[in-house]
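Working notes, beginning with the structure itself.
What follows draws every value from the coordinates through simple rules; no lab data is involved. The structure displayed is predicted, hence computed values, not measured ones. Ideal geometry is used to build each Cβ from the backbone, glycine not excepted, and the neighbour counts take in all protein chains shown.
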Amino acid sequence: MRRSNSGLTGSLLGVGLPGGRTGGTASGRVGAWRYALLAAIIAVGCLYAAPNLFPPDFALQVTVDNADRSVDADLLAEIEALVGQAGIEVIGSERIPDGGLIRVTSSEDQLRASALLRDHLNPAGEERQYVVALNLASTTPLWLRDIGGEPMALGLDLKGGAHFVLQVDMEQALAKRLGDEVEKVKDMLREQRVRYRRTDDAVRGHSIRMGFVTAQLRDRAITIIEEEFREPSYTLAEADVDGRPGFVITVQQAKVDEIESNAIEQNLTGLRNRINQLGVAEPLVQKLGGSRIVIDLPGVQDSADAKRKINKFANLEFRLVAAANDRPSEIDEWPYEGRVVKLNKRVILTGDRVTHAVQGRDQESGLPQVNITLDSQGGEMFHDATAPNIGRGMAVIFIEHKPIVTVEEIDGERVETHGSRPEKRVISVATIQAALGYNFRITGLSLREAQELAFLLRAGALAAPMYIVEERTVGASLGEENIERGMLAVVVGFILVLVFMAFYYKVFGLVADIALTLNLVILVAVMSLLGATLTLPGIAGIVLTVGMAVDANVLIFSRVREELKSKPPVQAIQAGYDRAFLTILDANVTTLFVALILLAIGSGPVAGFAVTLSIGIVTSMFTAIFGSRALVHLIYGSRRVEKVLI
């Protein structure tokens, strides 16, 4: 007797459970909304995977580094003409916020044009006016970008990105530390009422020099500070300072090495914080030798902005307005809003004590401001300095180190020497209305200044200025040939799997091939939407995902073949899917847990592998179970089946 197929095909589209029962007609069990849902997911997947078909152009991004300058249409045309005259093909140019973009055909042309524009826009010996950065310009159609469609970011080992090498100015780091030590000495002597001579040039090389009126004052001063400045970090000795009795504190090499090591570690921490705020996926920030730092930014979207913020060294100083009883040697004159203000040289606080800073607006005036939170020690220092000075003025000094590039001709070769020049200006002078503590605000800034100051303070102060000594776009770290062969292996392997599945499992194999292809499309779409960075380990995760998806189909089809020995085709198909489901679920969930653990505790390549594997597991389960089941139902679910090609 032939069994009726009625009601057995209805659950083929859904994710069945072992021992599930069916009933009713096929049309009663399979709702059109399920097909609509599958079609919608496929359509959305294809839509958001499509941007990956549009490779970006090599481009040069020119932005201003001076508020008095701008990148207008005339300058953009001048730049385009200059690049064209050098024999570099320009395939397009456009205005962007705060700058312009010049598109060229290759990375070699990009590097040549970059050197040309740097020399033209920033002549040697003059203050830098423009930032010329290497970039990859999107070619994705505007309508796709308007709905959030962007290509998947590729890691440096696949596609490249921005690569910087920064030189840490160790002399500045040492000078800053010795300057702090000078202030410490002066504080200790003030507390004991020991008068000293003017100390404008107290720091000379690796030593601190301080003079006194008499030898007795000098001897008393040595007694006060000798416990703080002792061997093996320092040596303290009597000496003549500008013809008067004094002492010299010399920093020993072990202490110099410690200061330099701390400086580069603090700069590493500050750079990592800055890059994290830029939203760059899987960046590389590490030491190179004793005084350099390497930064790789894969998939960076705005390299000019990243370059400007990475190369920015800024800090704050808080000083009291000079009082009537301050000695002339302790007073500096500063220009501020068309007038001169006299400030005490003593720095009561620096930006190093800032734990949080956010740009906002004054509720009354609507002008930009920066709201600042200090750490516990900084709050105490600020309170101790402001409490006894209510009614006195306090100034905020903004310190920025401008990069300087000196160009010389040596033996017919162009040699660049990099350095930095500190630029200080008073940005605010206000009367202390009450004792200040951990929270306060800074006004008197433009919107851009407030945004950048908040960013730099929030990211953490740098211990020493840095300047970029190398910038380039990088390709695959394992070599283009290896990458091409690796991608070829993936494509060939995928095609062989498709051919084998179609040959061995017939119609079901073709269904599996369609499900595998959809799996890759949806996986790429999800990674593009999430902004995940694809690296070589990520490709390994995709390959593993394909293998697991194939494995799921093999489990299902093998189970269907077993069921066909004792059941009619439609019942065997349903039972095969139902009974393979828990096995597939168990295997995939177990692997997903491992991937999530790797994602939680790993970083760099490990995290890249975990991201693609985690997403791939979810998409492969959807396509292998939900997607393939829907396709099988379309083929076998609407008619009586005598034979199944499996």
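The phi torsions of the range 428-438, fed into the Karplus equation with coefficients 6.51, -1.76 and 1.60 and a -60° offset, translate into couplings of 7, 9, 9, 7, 6, 8, 7, 5, 8, x, 7 Hz, rounded to whole numbers, with Gly and Pro shown as x. Under 5 Å from the amide H of G393 lie the amide H atoms of V321, I432, each residue being 5 or more positions distant or on a separate chain, with H modelled from the backbone and absent for Pro and chain starts.
Working note: Karplus 6.51/-1.76/1.60 with θ = phi - 60° gives the range 569-574 the couplings x, 5, 5, 5, 5, 4 Hz, where Gly and Pro are set to x. The Cα trace of the range 63-174 gives Rg and Dmax of 16.5, 53 Å, the first to one decimal, the second as a whole number.
Among the GluC sites (Glu not before Pro) found in the range 78-153, those both in a DSSP coil and sparsely packed, with 14 or fewer other Cβ atoms within 10 Å of their Cβ, are E89, E126, E127.
Label positions at R425 and L447, each projected 7 Å from the Cα along the C-beta direction, are separated by 1.9 nm.
On full extension of the chain, what length is gained from L142 through Q433, given 0.36 nm per residue of separation minus the C-alpha to C-alpha distance?
Values: separation 291, 0.36 × 291 = 104.76 nm, distance 5.32 nm.
Full extension from L142 to Q433 adds 99.4 nm.
Here's how it looks for V341: its modeled amide H is under 5 Å from those of W334, Y336, which are all 5 or more places away or on a different chain.
Within the range 509-593, the trypsin sites (Lys or Arg not before Pro) that combine a DSSP coil assignment with at most 14 other C-beta atoms in a 10 angstrom radius are K565.
Using θ = phi - 60° in the Karplus curve 6.51 cos²θ - 1.76 cosθ + 1.60, the 3J(HN,Hα) couplings for the range 176-185 round to 5, 5, 5, x, 4, 5, 4, 4, 5, 4 Hz; x is entered for Gly and Pro. Taking amide H positions as modeled 1.01 Å from N, with prolines and chain starts lacking one, the residues under 5 Å from A463 and 5 or more places away or on another chain are N267.
Annotation note: trypsin sites (Lys or Arg not before Pro) in the range 149-197 located in DSSP loop regions with a Cβ neighbour count of at most 14 within 10 Å are R193, R195.
Fewest-first ordering of V526, V611 by other beta carbons within 10 Å of each residue's beta carbon gives V526, V611.
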